[in-house]
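Worksheet: one structure, shown below.
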Amino acid sequence: MARMDITLTDEPTRLAALVRRTVPMSDLKPFYDSVYTHVAATLASTGNAPAGPALGWLHHDGSTEALDIAAGFPVAGLPTGTLEGDVEVLEIPGGRALVAIHEGPYADLPGAWEALVERLGAEGLSPRGDTVEEYLTQPEPDGDPALNRTRLVMMVR
């Protein structure tokens with residue numbers, strides 16, 4: 001894995017249109033693939049648009065078999081609550097966070113997260129229990145995975 005710069009910063013609170021589910025690890029890719037299309041279509045059908053790149057908001061409870069995950073897009077100017085069907089506008093709380101940009105295939109993300117966990121210990125910080133992955137580049141079916149850029153945000157106390 002390439003070296004990443006990791007910074008301790010303050011993340012703003014933000015709004016996002018999301019679908020939240022508990023998803024088995026083996027079903028993450030199909031979940032992401034279907035949810036982003038669904039949320040984008042819901043935003044368009046309600047006269048709204050994403051205010052930034054796709055993201056995943058993960059809530060960690062120690063399980064290695066399934067994840068409590070919400071996926072979708074940041075939005076602006078919408079009230080919190082149900083937008084349509086299973087798409088909700090939720091507030092992702094801000095606060096202190098370790099932040100890094102991972103460049104490379106999604107398969108390398110576990111190693112990138114491990115680097116943040118190591119930094120967490122070195123700084124004497126505690127995890128808040130949630131993380132955000134922002135997909136800064138949109139993957140192309142025949143594209144080079146080495147060109148993927150993902151912003152990793154580990155919320156801390």
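The values are calculated or read from the model by the stated rules, or taken from the named source; none is laboratory data. Quick caveat: nothing in here was measured; it's all calculated off a predicted structure. Remember, those area values only see protein heavy atoms, side chains included, never the ligands or the DNA or RNA. Shrake-Rupley method; radii C 1.70, N 1.55, O 1.52, S 1.80 Å.
Using every pair of separate Cα atoms, the Kirkwood estimate puts the hydrodynamic radius of segment 84-157 at 13.8 angstrom. Heavy-atom accessible area with a 1.4 Å probe sorts L8, L15, largest first, into L8, L15.
Rounded, prolate or oblate for segment 1-47? Axes are the square roots of the Cα gyration tensor eigenvalues, ordered a ≥ b ≥ c, and the cut-off for rounded is a/c under 1.5. Verdict is oblate for segment 1-47. Accessible area ranking (1.4 Å probe, heavy atoms, ligands and nucleic acids excluded), largest first, for L98, L136: L136, L98. For log10 I(q)/I(0) by the Debye sum over Cα atoms at q = 0.13, 0.18 Å⁻¹, the value calculated from this model appears in (1) -0.76, -1.04; (2) -0.52, -1.04; (3) -0.61, -1.19 under label (3).
Averaged per residue, the chain has 53 square angstrom of accessible surface, using a 1.4 angstrom probe with ligands and nucleic acids left out.
Segment 113-157 and segment 58-106 have their alpha-carbon centroids 12 Å apart. Residue order by solvent-accessible surface for I6, I69 is I6, I69, largest first, with ligands and nucleic acids left out and a 1.4 Å probe. Using heavy atoms of the protein chains and a probe of 1.4 Å, the accessible area assigned to T131 is about 10 Å².
A probe of 1.4 angstrom, applied to the heavy atoms of all protein chains, finds V99 with accessible area near 10 square angstrom.
So what is the 222 nm mean residue ellipticity for the chain from helices alone, if each DSSP H run of at least 4 adds -39500 (n - 2.57) and you divide by all residues, rounding to the nearest 500 deg cm²/dmol? Present the calculation step by step, with values, prior to reporting the outcome.
Values: 2 runs with 33 residues, N = 157.
That calculation yields -7000 deg cm²/dmol at 222 nm.
Rolling a 1.4 Å probe over the protein heavy atoms of the chain, with every protein chain left in place, gives an accessible area that is 53 percent carbon and sulfur.
The relative contact order of the chain, computed from alpha carbon pairs under 8 Å that lie at least 6 residues apart in sequence, is 30 percent.
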